[in-house]
Amino acid sequence: MQKLLQLPVNAVNMVKSVQGVAQGQEEALSPVLTPDSGPQNWYNAVQPEELRHLRSGGTGGGGEGSEDRPGLEEGLTSVQSQPLRHDDLKEMLDSNKDSLKLEAMKRIVAVKLYSPLCECVCSDVCFLSQVKKLVYVYLVRYAEEQQDLALLSISTFQRGLKDPNQLIRASALRVLSSIRVTIIVPIMMLAIKEAASDMSPYVRKTAAHAIPKLHSLDPEQKDQLIEVIEKLLADKTTLVAGSVVMAFEEVCPDRIDLIHKNYRKLCNLLIDVEEWGQVVIINMLTRYARTQFLNPNINESLLEESSEKAFYASDDEEDEDKKAEAATLAKRKPYVMDPDHRLLLRNTKPLLQSRNAAVVMAVAQLYFHLAPKAEVGIIAKALGMFEPYLKSFYIRSTDPTQIKILKLEVLTNLANETNISTILREFQTYIKSMDKDFVAASIQAIGRCATNIGEVRDTCLNGLVQLLSNRDELVVAESVVVIKKLLQMQPEQHSDIIKHMAKLIDNIQVPMARASILWLIGEYCEHVPKIAPDVLRNMAKTFTNEEDIVKLQIINLAAKLYLTNSKQTKLLTQYVLNLAKYDQNYDIRDRARFIRQLIVPTDKSGALSKYAKKLFLALKPAPVLQSTFKDRDHFQLGSLSHLLNAKAAGYQELPDWPESAPDPSVRNVEIPDWSKCTSRKDRKEKKTEKPFYSDSEGESGPTESADSDSGSGSESASASDESGSGSESEESREETESEDEEEDEEKEKKRKKRLDKTKAKKPAEESAERCANHTSHQINTIAPSGSIKMYELLHRITGEGLAVEYCFSRQPFSPDPNMVAVQIQFTNNTNSETKNLHIEEPRLQSGMRIREFTEIDVLAAGESVTVVMGIDFCDSTQAANFQLCTHTRKFFVSIQPPVGELMTPVFLTENDFKKEQGKLMGMNEISEKLMLGEKCVNEHVIVERVTATANLSRVPCGSEKECRFAGKTVSSGCLVLVTVPTKEGGGAQLTVNCEKMLIGTLLVKDIMQALSQ
């Protein structure tokens, strides 16, 4: 910074003037620091020449600037062609200016530099939030590669977990979970537990993402992680649902007991979860449903079995079978779909309209595995309906290989006598493709068409034979294999094709194709008696140079020719067997010994040699050309294992349907106690409150909650009401509710009688009573403490003799307990009367309310009068503006409350204080260190100053070095908890826990100022 200050003023101005001209040139010539996407404006904050001058120190004196200007311009021009290097970035990171650090981090992240600069980044984390975000992005990418350096910033991450910014907290947790070092496992576990209770859904989502990382690092933490998963599963926020289910699938997929209480909630939230979360939840619920519900097609399977028995049974057995079936059906109750099963099918059906193909596929597999056959039609139709749209499945060159093969499969299945000529012409063009796998699949598709449609078999064979002259060995090899399978169906009609293939064997070099041709010639040697021996003679010459698979077929060909034409091939067979006897491959040597003993009878030969012809020349069944997608039903539809037709790592088997229905009550959640409401009207308000995620039947509870554990009862209860319609539990619940209503009516009548005897209470006062009754720990308002400060509202000079002062009396405002009581004192300093004192034209912020005092008719000269008015500041420190009017004048005045006067004290026990404080962590906790003032020598002074600053009450505490205070905001009733533990040397730690962050921040500032004086 000192070097930058030493630069001459004219030199700095020169840099700025040249900067705009050379901006584009510098970016274009900076290969190290310019991202691939092109120049961007934010790259221009610091130019290379500024850093060069910062490093060299510049020149001193302002008078020399005009003489050195030409040289300076030349230097700037030459420097601009040099891009920023690692040294420049290190210098920017080490700078005291946050703007330089921010610019350096932007460039580092943009060009993905890591190894030379990782140490600088890890050791220097700025307090600027933008720099913090970029540092965390950088460390998430390279924490696993540079673990030792990332450990340097552990303390910074821990501080970041307490940052007021939710993005910083989430990024800190993400980086911490990316460091794969077992020594920090306890720190990671503690951070995940705290983040799981965070107020921000985004931070809780990040905690769910961190759970599988910690589990893979240390599987012994599984039990503790399951507790966190159980807590997060109760979260009603859509942002968290998908992530926590993914963590559940990774850590404990077998713990379906964790899903019971949350099943209905997940079904109802599913429509609003982000798309990839929907895929995970649907797959999990598919497995869950297979274990908890009965097979919806069970009756159809029984009917099929009974019809088969009736068809195959004899007359004598029919009576016995009918009796057994009658007994079985009598024992088995008629199938009735579980309401929860129906809830899952109904709530997933709208997702078939999703823009995400993975979501649509997930719903399709769910219906395929769970829905009754009558409803599967919404996701699957007969393939014949696509025949008019045949051209839609034609393959494009831009399609990936997997899509091409799937389209080939569809075209092959749609082929029939009417469209086969069109499809074959299309297949013929596919063979010219450069994609080898696609070409092989096309040739196999031609073979399948020839197998399924006999009329085109000859056409397909002729076309495949023409492919044998193709220059591409892969095309020839695949054609030979398919022709071999087709010829086995009618070999006697296609001897010409066998002869043609025998002539091509010298030109074909692919081992599989050569082996297939040799097998065909040997299998049908009787159809080509003149060509087969000649082929064997040629193959015997090249036997030693052939591949093993070809050598085995040469031996088989020799054995078959020996058995059918021994005169011409006896010596050739012996020669081939002698060559195979000394081959390097033991399979070939064993095959040669076995065949020699089998076909050449000797004294030592056994009885098996008599059956040599039956063994070698037996009729073999024609192969069936089947689809590669057949027989995959044992894998879950849409899974990777289903695609590969092989069990992939991490695949979970789809459970079988249970024989008997499990207990459905495990999905019921405790019904909330309505008796806590003071009136029937209040309970009705709660009952009729519509949650966000519900249909007309009210299936779910509130969507989001700061505390994921709270409110789950009402949500699950409403879901159970929907799912259990017509059940006994619902009827009994309705009866008890009707009885409660009658009791409440009687209580309401008695209450009205009492109100008739005394003055009627206002509606606002009744709502205050309800709020007090609903508080979990019976928070009672107590008398205020501390001194009362007077504020000037209208000076006597400005008011022309009328002086007005006000104070916050810290007493409840009886007409409306949600308002702050403001005591106003009027003093008439004139010699005449002041009449008609009242308020007009209040100008209030949104949500604020004011209750005016009764008009003062006459204020005599020299007298004073005190009135009380109520203001609902809506838990903000915004001023309430209004006009104070007399019979002659109007004065514009405003009342702005200190944050401490927006509260009313409450009484909490020590245990209640700790419990409430535990709920207000993360973003709701603000902690600052301070040095106590010289007069804050004892506990009494600290208590006096805190209560003077804020309208709080003292909470009992077992520690002598710690003071605790509690209160609640007047307007909304949010708890405010203050803790002041003192330390040796006059230090202290001030902690404020409040759901409203703004109030907490302002209160910390005011209390720190009071204690520091």
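Bear in mind that the values in this text are calculations on the coordinates, not laboratory data. Keep in mind that what you see is a predicted model, and the values were worked out from it rather than measured. Because the Cβ atoms are built from the backbone with ideal geometry, glycine has one as well, and the counts that use them run over all protein chains shown.
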(message) Going by amide H atoms built from the backbone, whose H comes under 5 Å of the H on Thr982, apart from near neighbours?
(response) Glu962, Cys963
(message) Quick check of the Kirkwood formula: for segment 158-265, what is the inverse mean of 1/r over all pairs of different Cα atoms, in Å?
(response) 13.7 Å
(request) Using only alpha carbon positions, build the gyration tensor of segment 917-989, then give the equivalent ellipsoid semi-axes as the square roots of 5 times its eigenvalues, largest first, whole angstrom. (result) 22, 15, 11
(request) Give me the distance in nm between label points sitting 7 Å out from Cα along the Cα-to-Cβ direction at Tyr202 and Glu910, one decimal. (result) 4.0 nm
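Contact order normalised by length for segment 206-271, with contacts defined as Cα pairs under 8 Å and 6 or more residues apart; what percent is it?
36 percent.
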(message) With every atom except the alpha carbons ignored, what do you get for Rg and Dmax of segment 963-1013, in angstroms?
(response) 11.7, 39
(request) Could you give me the percent of Cα pairs per 5 Å distance bin for segment 811-890, shortest bin first, beginning at zero and ending with the bin that holds the maximum distance? (result) 3, 14, 23, 22, 17, 11, 7, 2, 0
(request) Working from the alpha-carbon coordinates of segment 408-527, get Rg over Rh, Rh being the Kirkwood radius. (result) 0.96
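Among 851-858, 396-403, 947-954, what's the highest-first ranking by average C-beta atoms within 10 angstrom per residue?
On the way: 851-858: 13.6, 396-403: 10.4, 947-954: 21.4.
So the peptides 851-858, 396-403, 947-954, ranked by packing, come out 947-954, 851-858, 396-403.
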(request) Compare the Cα positions of Ser876, Phe891, Phe965 along the charge dipole of segment 866-973 (+1 at Cβ of Lys, Arg; -1 at Cβ of Asp, Glu; about the Cα centre) and return the one farthest towards the positive end. (result) Phe891
(request) Compute the FRET efficiency between Leu571 and Met512 as 1/(1 + (r/R0)^6), taking r as their Cβ-Cβ distance and R0 = 25 Å, and round to the nearest 0.05. (result) 0.30
(request) Calculate the spin-label point distance for Gln883 paired with Asn578, positioning each point 7 Å from the Cα along the beta-carbon direction, and give it in nanometres. (result) 12.9 nm
(request) Provide the packing ranking of 509-518, 903-912, 423-432, 639-648, i.e. peptides ordered by the mean count of other C-beta atoms within 10 Å per residue, highest first. (result) 509-518, 903-912, 423-432, 639-648
(request) Kindly flag which residue pairs out of Lys236/Lys915; Lys193/Lys1005; Lys349/Lys915; Lys914/Lys935 have an alpha-carbon separation exceeding 31 Å in this structure. (result) Lys349/Lys915
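Determine, from the Cβ-Cβ distance of Ser665 and Asp633 and an R0 of 45 Å, the FRET efficiency 1/(1 + (r/R0)^6), rounded to the nearest 0.05. Walk me through the numbers before you get to the answer.
On the way: r = 33 Å, r/R0 = 0.74.
Efficiency at R0 = 45 Å is approximately 0.85.
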(message) Taking only the Cα atoms of segment 866-1013, how large is their convex hull per residue, in Å³?
(response) 129 Å³
(request) With a 10 Å radius around each residue's Cβ, average the other Cβ atoms per peptide and rank 159-165, 794-800, 216-222, highest first. (result) 159-165, 794-800, 216-222
(message) So if I take the centroid of the Cα atoms in segment 945-1013 and the same for segment 889-931, what is the distance between those two points in Å?
(response) 7 Å
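Subtracting the Cα-Cα distance from 0.36 nm times the residue separation, let me have the gained length for Thr459 to Lys381 in nm, one decimal.
Details: separation 78, 0.36 × 78 = 28.08 nm, distance 3.16 nm.
The span from Thr459 to Lys381 would gain 24.9 nm if fully extended.
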(request) Before anything else, pin down the relative contact order of segment 548-610: Cα pairs under 8 Å, at least 6 apart, normalised by residue count, whole percent. (result) 28 percent
(request) Of the listed pairs Lys929/Lys961; Lys373/Lys404; Lys222/Lys983; Lys541/Lys570; Lys432/Lys484, which have alpha-carbon separations greater than 27 Å here? (result) Lys373/Lys404; Lys222/Lys983
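If I take R0 = 25 Å and measure r between the Cβ atoms of Leu615 and Lys541 in this structure, what FRET efficiency does the formula 1/(1 + (r/R0)^6) give, to the nearest 0.05?
On the way: r = 28 Å, r/R0 = 1.11.
Once rounded, the FRET efficiency stands at 0.35.
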